1. Quick one: how many residues across the stretch 40-57 are within 26 Å of Glu140 (Cα to Cα) and at pLDDT below 90?
2. Of the numbered conditions (1) out of contact with any strand residue (DSSP E or B) (no Cβ under 8 Å at 6 or more places or on another chain); (2) surrounded by 20 or more Cβ atoms within 10 Å (Cβ to Cβ); (3) over 28 Å from Asp169 (Cβ atoms), Ala109 satisfies every one except a single condition; which is it?
3. Which of the numbered conditions does Thr52 fail, given that it passes all the others? Conditions: (1) of a type outside the set (A, V, I, L, M); (2) loosely packed, with under 15 Cβ neighbours inside 10 Å; (3) closer than 23 Å to Glu108 by Cβ.
4. Run Gly122 past the list (1) on the phi > 0 side of the Ramachandran plot; (2) under 20 Å from the mean Cα position of the chain (by Cα) and report the number of the one that doesn't hold.
5. Just one of (1) assigned to a loop (DSSP other than H, G, I, E, B); (2) under 19 Å from Gly35 (Cα atoms); (3) touching a Pro at 6+ places or on another chain (Cβ under 8 Å) trips up Val128, so point out which.
6. Kindly indicate which of Thr76, Thr64 is over 21 Å from Lys191 (Cβ atoms) and of a type outside the set (A, V, I, L, M).
7. So which residues in the stretch 187-230 are under 18 Å from Gln112 (Cβ atoms), outside any helix (DSSP H, G or I) and aliphatic (A, V, I, L, M)?
8. Please find, among Arg216, Arg202, Arg231, the residue that is of a type in the set (D, E, K, R) and within 18 Å of Gly33 (Cα to Cα).
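The values are calculated or read from the model by the stated rules, or taken from the named source; none is laboratory data. In this text the structure is predicted, and so the values were computed from the model without any measurement. All Cβ positions, even for glycine, are placed from backbone atoms using ideal geometry, and neighbour counts span all protein chains on display.
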Amino acid sequence: MRRLILLCLCLITWVVWADDAPRVILIGPPGAGKGTQARYLSEKYHLAHISTGDILRENRKQGTELGKQAASYMDTGKLVPDELIVTMVAEKLTGDGGFVLDGFPRSEAQAQLLDGMLSKSGHPINSVILLDVSDNDLVERLSLRRSCPTCQRTYHLKSNPPKKEGLCDVDGTALIQRPDDKEEVIRNRLKVYHDQTEPVLRHYQDKPGVVKIDGRLDIQDVQKQVDDNLRPLVTH
């Protein structure tokens, strides 16, 4: 009997958590810091971190059919077609717990598809956070970014340069610039964002509403503001 009571209490706790769990969309232009904040929220609140960018890059690295299809879009800064994205996200949203979406939805059509999926579970999005950064700031932030192809460590030629020019501090590997970090590609990515992703903000403006945070602030300051806005959703 005691074990049965404990099991019932666990089930009740899980249902309450599923109902009250943060279901967050982090939105913002490329390079605004969505991934950094998503990882923080995922760890602190035990949320599933769903990053379409990471999933696409992994598929590309492994040479999957999805990765091959996505490569031509990613290298030119274009959005990967909805039909290649939605299936991946749907597979990650099979449970009722909390999650943070990083890089999805990127268009109003994707937002509508997402709403349709979540309406079936009765657990809609309850937080939309915009990390706002100007185009010029982002061009500098991204075009000066370099990464190590071996250990994946990231550097910035202005704010966080390697100790030896062009070489990784960890393993001495020659640093590279990702194809989508070239200025012309960044400009195109930003144009795509303004044209296709900003309607997502209007889509969620009334329900649940959009919280705007200055993404130019230090990571810790952005983190605190994101945390302050999310904490009221956690009632357990």
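1. Of the residues in that region, 7 qualify.
2. Of (1) out of contact with any strand residue (DSSP E or B) (no Cβ under 8 Å at 6 or more places or on another chain); (2) surrounded by 20 or more Cβ atoms within 10 Å (Cβ to Cβ); (3) over 28 Å from Asp169 (Cβ atoms), only one is false for Ala109: (2).
3. (2)
4. Unmet for Gly122, out of (1) on the phi > 0 side of the Ramachandran plot; (2) under 20 Å from the mean Cα position of the chain (by Cα): (2).
5. Going through the list (1) assigned to a loop (DSSP other than H, G, I, E, B); (2) under 19 Å from Gly35 (Cα atoms); (3) touching a Pro at 6+ places or on another chain (Cβ under 8 Å), Val128 breaks only (1).
6. Thr64
7. Selection gives Val210 alone.
8. Criteria check complete, one pass: Arg216.
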